[in-house]
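Before any comments, here is the structure.
The values are calculated or read from the model by the stated rules, or taken from the named source; none is laboratory data. Since we're looking at a predicted model, the values are computed, not measured. Counting neighbours? That spans all protein chains shown, and the Cβs are built from the backbone with ideal geometry, glycine included.
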């Protein structure tokens with residue numbers, strides 16, 4: 001499975017957990033729903049931290065490569081430096 005697919009799945013689970021917490025927060029004010037809200041938010045924070053750490057590890061091991069504008073500028077600079 002691709003790393004991009006895994007990241008997308010984790011993002012979707014984070015959004016679902018956040019929606020679940022919002023639903024439990026809005027529907028009722030009893031302690032049972034407060035515990036459900038707390039659990040959903042704890043899951044969201046845990047997944048977010050796991051995703052961040054996973055992305056850092058994947059980048060450090062070379063599984064992810066930067067492809068944005070900054071990476072292209074560095075590539076052009078390195079090519080211009082080699083030709084001089």
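Just one of the listed residues (37, 5) is closer than 30 Å to residue 65 by Cβ and either in a helix (DSSP H, G or I) or modelled with pLDDT under 90 (or both), and it is 5.
Results for (1) surrounded by 11 or more Cβ atoms within 10 Å (Cβ to Cβ); (2) under 18 Å from the mean Cα position of the chain (by Cα), shown as yes or no for each residue.
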{"position": "13", "(1), (2)": "yes, yes"}
{"position": "38", "(1), (2)": "yes, no"}
{"position": "43", "(1), (2)": "yes, yes"}
{"position": "49", "(1), (2)": "no, yes"}
{"position": "67", "(1), (2)": "no, yes"}
{"position": "77", "(1), (2)": "no, no"}
{"position": "82", "(1), (2)": "no, no"}
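Residue count for segment 55-64, restricted to those that are in a helix (DSSP H, G or I) and touching a residue at least 12 places away in the same chain (Cβ under 8 Å): 2.
Being modelled with pLDDT under 85 and either part of a helix (DSSP H, G or I) or touching a strand residue (DSSP E or B) at 6+ places or on another chain (Cβ under 9 Å) (or both) holds for only one residue in 71, 50, and it is 71.
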